[in-house]
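Q: What follows is a structure written as structure tokens; I'll ask about it next.
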Amino acid sequence: DGQLLLVLGMHRSGTSALTGLMQKLGAELGEELLAPTLDNPKGYFENARVVTAHEALFAALGRSWQNPRPLPEDWRATAAGDEAHETLTELLRAMLVEGRLVAVKDPRASRFAPLWIDVARAARVELGAILMVRHPAEVAASLYKRDGLSRARSHLLWIVYLLDAE
């Protein structure tokens, strides 16, 4: 028995602040969190193994988090989709040993919501989600400062992440 809460939303939307608060309230995030950086000095509150699994899946699908194109229609049925499912299910089960409520925060999860539904089902946990939304102009300004992304690309990514999470 346990619960999985996904923190979804576009990069630079405040998902880190929200997840940090959830951790202080007792949510389990796992042991291998990404280290803070100058861009996020308080930390990202992202499990490094989740990010690695998402990045590997993007790569296998010929995409990246910065690519707004739709994912291939059958992406979930690919070998890479199955591998990500297995990896994330094992990780979730291990995290549930540490706590009854597990929170997973990685903006990339917004693009892979169907995978996370399958992971929760396989781990036999209740699934919930929080969608963090920040004004797209603020997200675009932050992405330009951090990554040099154009305003147009940032706005397109913002809507793609929002719609995929929905």
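Q: Solvent-accessible area of PHE45, probe 1.4 Å, all protein chains present, reported in Å² to the nearest ten, please.
A: 40 Å²
Q: A further question on this structure: Averaged per residue, what accessible area in Å² does the chain show with a 1.4 Å probe, protein chains only?
A: Accessible surface, normalised per residue, equals 52 Å².
Q: Expressed as a rounded percentage, what relative contact order does the chain have, with Cα pairs under 8 Å and six or more residues apart?
A: Across the chain, relative contact order equals 39 percent.
Q: 7 Å from Cα along Cα→Cβ at both ASP147 and ASP1: what's the point-to-point distance in nm?
A: My value for the distance between the label points is 4.0 nm.
Q: Could you pull the accessible area for LEU21 with a 1.4 Å probe, rounded to 10 Å²?
A: 90 Å²
Q: Along the range 148-157, what does the Karplus equation 6.51 cos²θ - 1.76 cosθ + 1.60 (θ = phi - 60°) give for ³J(HN,Hα), rounded to whole Hz, x for Gly and Pro?
A: x, 6, 5, 4, 4, 5, 4, 5, 5, 4
Q: Further, regarding this structure: Sort the following peptides by mean Cβ neighbour count (other Cβ atoms within 10 Å, averaged over residues), highest first: 100-107, 46-53, 63-70.
A: By packing density, highest mean first, the sequence is 100-107, 46-53, 63-70.
Q: Now for a different question. Within the range 9-42, list the residues whose amide N lies under 18 Å from a label point set 7 Å along Cα→Cβ of ALA94.
A: 28-35
Q: List the residues whose amide H sits under 5 Å from the amide H of ALA129, counting only those 5 or more places along or on another chain, with H placed 1.01 Å from N in the peptide plane.
A: LEU6
Q: When the accessible area of the range 18-78 is computed with all protein chains present and a 1.4 Å probe, what percentage of it is carbon and sulfur?
A: 56 percent
Q: Using 7 Å Cα-to-Cβ label points, what is the LEU131/ALA17 separation (nm, one decimal)?
A: The two pseudo-label positions are separated by 2.0 nm.
Q: Give the distance, in whole Å, between the Cα centre of the range 121-141 and the Cα centre of the range 1-76.
A: Between the Cα centres of the range 121-141 and the range 1-76 lies a distance of 9 Å.
Q: Then there is this: Compute the distance in nm between two label points, each set 7 Å from the Cα along the Cα-to-Cβ direction, one at ALA59 and one at LEU163.
A: That separation, rounded to one decimal, is 2.8 nm.
Q: Moving on to the next point. With runs of 4+ DSSP H residues as the only contributors, calculate the mean residue ellipticity of the chain at 222 nm using -39,500 (n - 2.57) per run, divided by the residue total and rounded to the nearest 500.
A: Mean residue ellipticity at 222 nm (helix-derived): -15500 deg cm²/dmol.
Q: Semi-axes of the range 103-166's equivalent ellipsoid from the Cα gyration tensor, sqrt of 5 times each eigenvalue, largest first, rounded to whole Å?
A: Computed over the range 103-166, the values are 28, 10, 10 Å.
Q: May I ask you to evaluate 6.51 cos²θ - 1.76 cosθ + 1.60, the Karplus curve with θ = phi - 60°, for each residue of the range 70-77 and list the ³J(HN,Hα) values in order in whole Hz, giving x for glycine and proline?
A: Going residue by residue, I get x, 5, x, 4, 9, 4, 5, 8 Hz, with x marking Gly and Pro.
Q: Okay, next question. Hey, got the dipole for the chain? About the Cα centre, +1 on K and R Cβ, -1 on D and E Cβ, debye to the nearest 20?
A: 680 debye
Q: Under 5 Å between amide H atoms, partner at least 5 residues away or on a different chain: which partners does GLY9 have, H built in plane at 1.01 Å?
A: SER110, MET132
Q: Mind computing the radius of gyration and Dmax over the alpha-carbon atoms of the range 1-127? Å is fine for both.
A: 14.0, 38
Q: Amide H to amide H under 5 Å from LEU33: which residues, 5+ apart in sequence or cross-chain, H placed 1.01 Å off N in plane?
A: Those lying under 5 Å, H to H, from LEU33 are ALA48.
The values are calculated or read from the model by the stated rules, or taken from the named source; none is laboratory data. Quick caveat: nothing in here was measured; it's all calculated off a predicted structure. Cβ atoms come from the backbone with ideal geometry, glycine included; neighbour counts cover every protein chain shown. Only protein heavy atoms, including side chains, enter the accessible area calculation; ligands, DNA and RNA are left aside. Shrake-Rupley method; radii C 1.70, N 1.55, O 1.52, S 1.80 Å.
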